[in-house]
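**Student:** Okay, handing you the structure first.
The values are calculated or read from the model by the stated rules, or taken from the named source; none is laboratory data. Keep in mind that this is a model prediction, so the values were computed, not measured. Neighbour counts are summed over all protein chains in view; Cβ atoms, including those assigned to glycine, are modelled from backbone coordinates with ideal geometry. Please note that ligands, DNA and RNA were not included when accessible areas were found on the heavy atoms of the full protein model with its side chains. Shrake-Rupley method; radii C 1.70, N 1.55, O 1.52, S 1.80 Å.
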Amino acid sequence: EEPAEEPAEPAAAVALKITGLVDNEMGWTEDEVKAMESMDVESTNKDGETETYTGVSLNSLLELAGVKAEATGLVFVADDGYTAEVTLEEINACTDCIVSFRSKGGFSIVLPGFSSKAQVKGVIEIQVK
């Protein structure tokens, strides 16, 4: 007879996670994020060109994790160790802020109207603090 427990997925399968001051720390594979309801937003890149990005609402991901009332900020962590911090208030007010799908795989933070430093490419973790 087979053991009841399935082997755990390798940690590498998690492409994006939300940690910190949340009710439920979340981790999703790339396919799971891509299966969520997506939206298109326009944002100007650092060269001043407007591009359309497709991704999942940052606020809807935060809702899934259940941000705690005392949380005030978010730290975006990239796969190369780069981090950027924004206030939770700024993100809550931003209906066009998304985690976008990158053509080469993985995700980027797209925050129309925010400093380019906050728009982390290759984001793998969103820390709520």
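**Student:** Give me the net charge of MET26's neighbourhood, meaning all other residues with Cβ under 13 Å from the Cβ of MET26; Lys, Arg count +1, Asp, Glu -1.
**Tutor:** With Lys, Arg at +1 and Asp, Glu at -1, the neighbours total -4.
**Student:** Please name which of TRP28, GLY113, VAL67 has its Cα lying farthest along the dipole of the chain towards the positive end, using unit charges on Cβ (Lys, Arg +1; Asp, Glu -1) and the Cα centre as origin.
**Tutor:** Farthest towards the positive pole: GLY113.
**Student:** A further question on this structure: Could you do me a favour and compute the accessible area per residue for the chain, 1.4 Å probe, result in Å²?
**Tutor:** 59
**Student:** Follow-up question, since we're still on this one. Give me the percent relative contact order of the chain, please, defined on Cα pairs under 8 angstrom at least 6 residues apart.
**Tutor:** That works out to 29 percent.
**Student:** Based on DSSP H runs of at least 4 residues, each adding -39500 (n - 2.57), what is the mean residue ellipticity at 222 nm of the chain after dividing by all its residues, to the nearest 500 deg cm²/dmol?
**Tutor:** Working: 3 runs with 18 residues, N = 129.
Taking each H run of at least 4 residues, the total per residue is -3000 deg cm²/dmol.
**Student:** Strictly greater than 11 Å: what percent of every Cα pair in the stretch 44-94 meets that?
**Tutor:** The calculated P(r) of the stretch 44-94 puts 77 percent of pairs beyond 11 Å.
**Student:** Largest first and to the nearest Å, give the Cα extent of the stretch 23-129 along each principal axis.
**Tutor:** 37, 28, 27
**Student:** About the Cα centre of the chain, what is the dipole size in debye to 20, counting +1 per Lys and Arg Cβ and -1 per Asp and Glu Cβ, all else neutral?
**Tutor:** Rounded to the nearest 20 debye, it is 620 debye.
**Student:** In Å, what Kirkwood hydrodynamic radius results for the stretch 74-129 from the alpha-carbon pair distances?
**Tutor:** The answer is 11.3 Å.
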